[in-house]
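These notes concern the structure reproduced below.
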Amino acid sequence: MTDFDVIIVGGGIAGAGLGAELAAKRRTLIIEAEDQCGYHTTGRSAAFWLAHYGGPEVMPLTLASGPLLDGGWPTGERSWLRTRGAITVARNYMDLREALAANSRNAPLTEMKRPELDQKIPGLREGWDHGVWDASCADIDSPDAVYCQRNSATASSSSRCTPSRM
């Protein structure tokens, strides 16, 4: 097959995900420089999902991706997220302005004082007395997610993923 409606350059989590979405509707080609999709940043990263990522402009996209990742899109096999939470620490309360400004109903933040920080972070250096707990933070199993996305993208006979340097 040499005719495609869509050519996607890069088989990481974004390219493989786009391919999985389009493959059932369009003849799709994913071109990946390596022998396998998700080999570089996607396959080796300590990827995490954070509801408050990106500030007010990006947060709606981030929040929209949460249910898809949690539901194991595109296969529904299992969740790609493992919730662990995250703490942002600061020396001065005012340094937490940006983190606190991202607070939302969909993913509430909790302010932390030094005694709570000491319980959660043993050995925390003196002076780091203020914190914000974000329960939404989750690790993303990006290698498995890309594997399933690539398989979904190439399940159609009119779609394929091929190693090719441009």
Degrees separating the helix 55-70 axis from the principal Cα axis of the chain, which is the longest one: 60 degrees
The chain: relative contact order in percent, alpha carbon pairs under 8 Å with at least 6 residues between: 36 percent
Virtual spin-label span in nm between Asp118 and Glu21, 7 Å along Cα→Cβ: 4.8 nm
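At a Förster radius of 41 Å, what calculated FRET efficiency corresponds to the Cβ-Cβ distance of Arg82 and Val9, to the nearest 0.05?
Details: r = 30 Å, r/R0 = 0.73.
For R0 = 41 Å, the calculated efficiency reads 0.85.
Dipole of region 1-120, Cα-centred, from +1 at each Lys and Arg C-beta and -1 at each Asp and Glu C-beta, to the nearest 20 debye?
Details: 13 positive and 14 negative charges, 94 e Å.
I would put it at about 460 debye.
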Theoretical FRET efficiency, 1/(1+(r/R0)^6), r = Cβ-Cβ of Thr162 and Glu57, R0 30 Å, to 0.05: 0.30
Ala135/Asn92 FRET efficiency (R0 22 Å; Cβ-Cβ; nearest 0.05): 0.40
Mean residue ellipticity (222 nm) of the chain, computed from DSSP H runs ≥ 4 via -39,500 (n - 2.57), nearest 500: -9500 deg cm²/dmol
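Cut-off is 10 Å between beta-carbons; in what order do Trp80, Trp73, Trp128 appear when sorted fewest neighbours first?
On the way: Trp80 25, Trp73 20, Trp128 14.
Exposure proxy ranking, most exposed first: Trp128, Trp73, Trp80.
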Virtual spin-label span in nm between Asp35 and Asn106, 7 Å along Cα→Cβ: 4.1 nm
Ranked list, fewest to most other Cβ atoms within 10 Å of each Cβ, for Ile31, Ile13: Ile31, Ile13
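Read the figures in this text as sums done on the coordinates, not as results from a lab. Every value quoted in this text rests on a predicted model; they were computed, and no experiment measured them. Here Cβ is always computed from backbone atoms with ideal geometry, including for glycine, and neighbour counts include all displayed protein chains.
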